[in-house]
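For reference, the structure is listed below as structure tokens.
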Amino acid sequence: MKTLDLLHRWTGGLIGLVLAVLGLSGALLVHKDAWVILPHASDAQVKDSEVIARTVERVMSDPLHRPEMISFAGPNFGLDRLRFANDSGAYITQTGDLVTRWDSQWQRPELWLFDLHHHLFAGDAGETVIGIAALLGLFFVVSGVILWTRTRKTFEFRLLPKRLSRPAVVRQHRDLGVIAAPLLLLALLTGSILVFRPLAALILGPSAPAQIDASLKPPRIAPMPLGTSLDWRAMIATAHARFPTAELRSLSLPRKNSGLITLRMKKPEEWLPNGRTTLWFRADNGRLVAARDASRLPAAVKVYNILYPLHAAKVGGLAYQLVMTFAGLSLALLGSLTLWSFWFARRPSLKGRPQASGGPGRLAAGA
């Protein structure tokens with residue numbers, strides 16, 4: 001138990017700040033659609049493929065100023081988002097009228113907050129750090145629950161410590177942690193698997209990572225230049241005819257060496273906000289290359305596709321959003337107060353006092 005206590009305290013002391021940042025940013029992102037206040041943001045989602053096709057034609061009409069990606073409005077946010085090169089972008093109405101534009105993600109709080117939560121402003125390296133922190137966080141939660149059992153008779157639920165002293169912080173940390181533990185396990189486990197896909201083998205079986213990789217890969221096609229007069233309306237009509245019950249979620253131009261235009265759709269049974277039902281078109285002439293029906297993916301891939309909705313509270317409505325908000329704020333409190341108590345709080349001096357039964361490490365054991 002002493003070794004576990006030592007590992008628990010040092011784990012918290014080393015990753016507390018990262019976990020606090022992830023918890024707070026995640027809690028804010030859960031409600032992003034509510035606090036991004038712009039004209040027409042509350043408009044009802046347009047699902048009519050004809051209206052969407054006209055908007056796409058309007059946006060893509062100028063070959064020199066085409067966005068790299070269009071993310072279509074959803075049920076909780078009524079604006080389309082355009083993404084251009086070099087972090088620039090824009091919000092437009094669902095009929096194509098400009099609402100606002102930005103030259104850098106730093107001009108839009110929802111964008112830099114997303115980058116903070118997913119990459120720590122450090123790209124792939126930051127994402128790796130987040131994945132490692134999530135794995136350490138899982139150990140932190142499990143070890144904390146085990147250590148809590150020694151003091152369970154003194155349990156008292158409190159969101160904040162009674163005072164900003166080390167004993168009060170330790171007690172609040174211990175009791176809040178055990179309440180939030182199931183939600184933190186869910187958030188940290190799903191987050192770590194989303195960063196390190198091979199970890200899916202732990203819950204989906206050893207063959208799951210290979211199945212996921214194979215099922216999510218686009219078809220192979222030689223690189224080709226993007227056509228200057230593509231029939232966008234025909235592409236959308238093809239998608240709607242192929243999957244009549246699915247809603248259009250995004251359209252992406254070819255990336256890197258790809259020769260494919262990608263159109264993502266969401267079928268009613270899918271939980272993933274942007275769906276995994278996908279069509280690929282040739283970049284030079286817009287002809288259909290391949291289509292993938294998310295309802296026909298392997299079971300392991302379907303389960304993998306629900307991890308992000310569970311992690312980001314994209315299902316379950318307001319009730320589940322509030323539950324995951326509690327998880328995020330709890331993680332922020334546990335991480336920040338752990339950091340303070342481990343590195344900055346002064347331990348009570350034992351000089352001149354009789355040593356209590358259990359030794360000077362007894363208080364720290366409850367951390």
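Structure notes:
- Cβ separations smaller than 7 Å between residues 6+ apart or across chains give the following pairs from the stretch 148-161 residues that are surrounded by fewer than 10 Cβ atoms within 10 Å (Cβ to Cβ) to residues that are not polar (S, T, N, Q): E156/D175; F157/D175; F157/I179.
- Among the conditions (1) farther than 30 Å from N86 by Cα; (2) buried (at least 18 other Cβ atoms within 10 Å of the Cβ); (3) modelled with pLDDT of 95 or more, R174 misses just one, which is (3).
- Residue list for the stretch 335-366, restricted to those being at pLDDT 90 or above and touching a Gly at 6+ places or on another chain (Cβ under 6 Å): G335
- Among the candidates L159, L194, the residue that is within 20 Å of G23 (Cα to Cα) and in a loop (DSSP other than H, G, I, E, B) is uniquely L159.
- Unique match (being surrounded by 13 or more Cβ atoms within 10 Å (Cβ to Cβ) and in contact with a strand residue (DSSP E or B) (Cβ under 9 Å, 6 or more places away or on another chain)) among H8, H40: H40
- Verdict on L184 being of a type outside the set (D, E), in a helix (DSSP H, G or I), over 30 Å from S252 (Cβ atoms) and in contact with a helix residue (DSSP H, G or I) (Cβ under 6 Å, 6 or more places away or on another chain): yes
- Exclusive hit being closer than 28 Å to F342 by Cβ and within 25 Å of the chain's Cα centre (by Cα), set G16, G74: G16
- Summed over the stretch 191-241, the residues that are loosely packed, with under 14 Cβ neighbours inside 10 Å and under 21 Å from the mean Cα position of the chain (by Cα) give a count of 4.
- Number of the condition not met by I37 [criteria: (1) assigned to a helix (DSSP H, G or I); (2) under 22 Å from the mean Cα position of the chain (by Cα)]: (1)
- Within the stretch 86-116, considering residues that are in contact with an Asp or Glu (Cβ under 8 Å, 6 or more places away or on another chain) and β-branched (V, I, T), the one surrounded by the fewest Cβ atoms within 10 Å (Cβ to Cβ): T93
- From V129, V99, V145, V141, residue being modelled with pLDDT of 95 or more and out of contact with any Ser or Thr (no Cβ under 9 Å at 6 or more places or on another chain): V129
- Among the residues of the stretch 67-99, those identified as of a type in the set (A, V, I, L, M) and either touching a residue at least 40 places away in the same chain (Cβ under 8 Å) or part of a strand (DSSP E or B) (or both) are M69, I70, L79, L82, A90, I92, L98, V99.
- Scan of the stretch 40-62 for residues that are closer than 13 Å to I236 by Cα, in contact (Cβ under 8 Å) with a residue 24 or more places away in the chain and either in a helix (DSSP H, G or I) or touching a Leu at 6+ places or on another chain (Cβ under 7 Å) (or both), ordered by number: S49, V51, I52, A53, R54, T55, V56, E57
- Candidate set: the stretch 298-324, residues that are in contact (Cβ under 8 Å) with a residue 24 or more places away in the chain and surrounded by fewer than 17 Cβ atoms within 10 Å (Cβ to Cβ); chosen: the one farthest from D213 (Cα to Cα): V323
- Here A168 meets the list (1) farther than 29 Å from H118 by Cα; (2) buried (at least 16 other Cβ atoms within 10 Å of the Cβ); (3) small (G, A, S); (4) touching a residue at least 24 places away in the same chain (Cβ under 8 Å) almost entirely, failing just condition (4).
The values are calculated or read from the model by the stated rules, or taken from the named source; none is laboratory data. Bear in mind the structure is a predicted one, so any value in this text is a computation, not a measurement. Please note: Cβ atoms are built from the backbone with ideal geometry, for glycine as well, and neighbour counts cover all protein chains shown.
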